[in-house]
Ligand SMILES: [Zn+2]
């Protein structure tokens, strides 16, 4: 049987022993517990996306979606995203003849609730 030595008392213990039988000191991390806690600690942090030092404009998906539906032909959702040029283009072309609105609607639908432009 493979053995190792307890760091605390020097007692010879089995290689897979977690606790020294002589002094009761914990020798190994409890691996199963560790894995369990790691799996449950999936940290999702997308609240502070900074690109090149300047903060991007945060947009709410649902506001954009509503603007696209009701004010799409006036480029309402484009103005909301800060895309003024495209907004003006949408006004003159009635939302790129409806095609632009349709494409935008689908694109917005698959965006996260908060996104950055
Ligand atoms: Zn020991």
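The values are calculated or read from the model by the stated rules, or taken from the named source; none is laboratory data. Because the structure is predicted, anything quoted here is derived from the model rather than measured. Glycine also receives a Cβ, built like all others from the backbone with ideal geometry; neighbour counts cover every protein chain displayed.
So which residues in the range 92-114 are out of contact with any strand residue (DSSP E or B) (no Cβ under 8 Å at 6 or more places or on another chain) and not in a helix (DSSP H, G or I)?
98, 110, 111, 112 - these are the residues of the range 92-114 that are out of contact with any strand residue (DSSP E or B) (no Cβ under 8 Å at 6 or more places or on another chain) and not in a helix (DSSP H, G or I).
Condition test on residue 89, is it assigned to a helix (DSSP H, G or I) and surrounded by 16 or more Cβ atoms within 10 Å (Cβ to Cβ)?
No, not satisfied.
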Task: Breaking point among (1) within 29 Å of the chain's Cα centre (by Cα); (2) at pLDDT below 90, for residue 27 - done: (1)
- [ ] Restrict the check to the range 78-85 and report whether at least one residue is loosely packed, with under 11 Cβ neighbours inside 10 Å and either assigned to a helix (DSSP H, G or I) or modelled with pLDDT of 95 or more (or both).
- [x] yes
